Amino acid sequence: MTKVKYPQKRNYRQRAHSNPLSDHSFDYPVSPDVMDWTKLYPRFKPENEVKFCDIGCGYGGLLVTLSPMFPETYMVGFEIRVKVSDYVNDRFLALRQDNEVYHNAGVIRTNAMKYLPNFFRKGQLEKMFILYPDPHFKKCKHKWRIVSEGLLAEYAYVLKVGGLVYTVSDVKEVHDWMVEHFTNFPLFERYDPPAEDKAAQVLIGSTEEGKKVLRNKGQSWTAIFKRVEDPYVKNCAGT
């Protein structure tokens, strides 16, 4: 078998931002029931499920970090940019050659703003990550942001009760935006993770964007939110 060379970023350069509302061409399942995860994970079995999702995974730094930390958990990154998702895919192919880990991580080129429920069943995910999302500073482009009231309903749908959303931004206004939207949404509440939460410990230093912020001695703001039970359903169940 020909050995896959570790990819070089210079061969996968692409614009930093992409319009998520454009009519990109994507392959996606009509429902989670027909999604074939074996194409992404060589050791995936029918009883397995993907439990972690990194929204806008960039060059895959977080997944590379989390994969050996959670070797029994399947995780996927969603990335809208073609060349960047190609890089992450080639990165995992290269890593798998010389390691017993990384068989549980992969990437899909897709638009999480449109197709998230096509991949995941209700309550399937345990953790979601939104790290250093595009800030879309102009007010007319705020509708492009990955956190909005409509999208939070979809995040709540695919997350199990008790599941967590981890957010990080190096832009204070974007951090405040995410905190405001999550705390005002009835199915999420701010969460202070315990010291043993391994995922919370690597949020900033694992991603390429986070490393750049650290090199430049910048600041990052972190907020974690827990999926809570629907208060309406809870009240109905108690009557």
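The values are calculated or read from the model by the stated rules, or taken from the named source; none is laboratory data. Only a predicted model underlies this, so the values are computations on that prediction, with no experimental measurement involved. Here the Cβ positions follow ideal geometry from the backbone for every residue, glycine too, while neighbour counts run over all protein chains shown. Heads up: the accessible areas ignore ligands, DNA and RNA and are worked out on the full protein's heavy atoms, side chains in. Shrake-Rupley method; radii C 1.70, N 1.55, O 1.52, S 1.80 Å.
Only loop residues by DSSP count here, and only those with at most 13 other Cβ atoms within 10 Å; note down the trypsin sites (Lys or Arg not before Pro) in segment 170-239 that meet that.
For trypsin sites (Lys or Arg not before Pro) across segment 170-239 that sit outside H, G, I, E and B with at most 13 neighbouring Cβ atoms in 10 Å, the list reads K217.
In segment 24-125, if every C-alpha pair distance is counted and binned at 10 Å from zero, what percent goes to each bin?
Computed distribution, short to long bins: 16, 53, 30, 2.
State the label only: which of [x] 16.3, 43; [y] 17.7, 64; [z] 18.0, 55 corresponds to Rg and Dmax of the Cα atoms in Å computed from the shown model?
[y]
Contact order normalised by length for the chain, with contacts defined as Cα pairs under 8 Å and 6 or more residues apart; what percent is it?
20 percent
Dividing the alpha-carbon Rg of segment 168-239 by 2.2 N^0.38 Å yields what?
Segment 168-239 yields a ratio of 1.42.
Largest first and in whole Å, what are the equivalent-ellipsoid semi-axes of segment 34-79 based on the Cα gyration tensor, each being the root of 5 times an eigenvalue?
Working through the eigenvalues yields semi-axes of 18, 13, 8 Å.
For the chain, what does the accessible surface come to per residue with a 1.4 Å probe? Please give it in Å².
Heavy-atom SASA per residue in the chain reads 53 Å².
Sum up the charges of everything whose Cβ sits under 12 Å from the Cβ of M75, counting Lys and Arg as +1 and Asp and Glu as -1, but leave M75 out.
Surrounding charge for M75 is -2.
List the pairs from K39/K198; K122/K198; K51/K172; K138/K172; K9/K172 whose alpha-carbon separation is above 22 Å, in the order I gave them.
The pairs that break the limit, which is 22 Å between Cα atoms, are K39/K198; K122/K198; K51/K172; K9/K172.
W221 accessible area, nearest 10 Å², 1.4 Å probe?
Surface accessible to solvent at W221 totals approximately 60 Å².
Name the residue farthest towards the positive end of the dipole of the chain from the options F70, C57, N184, assuming +1 on Cβ of Lys and Arg, -1 on Cβ of Asp and Glu, about the Cα centre.
Working it through, the farthest residue towards the positive pole turns out to be C57.
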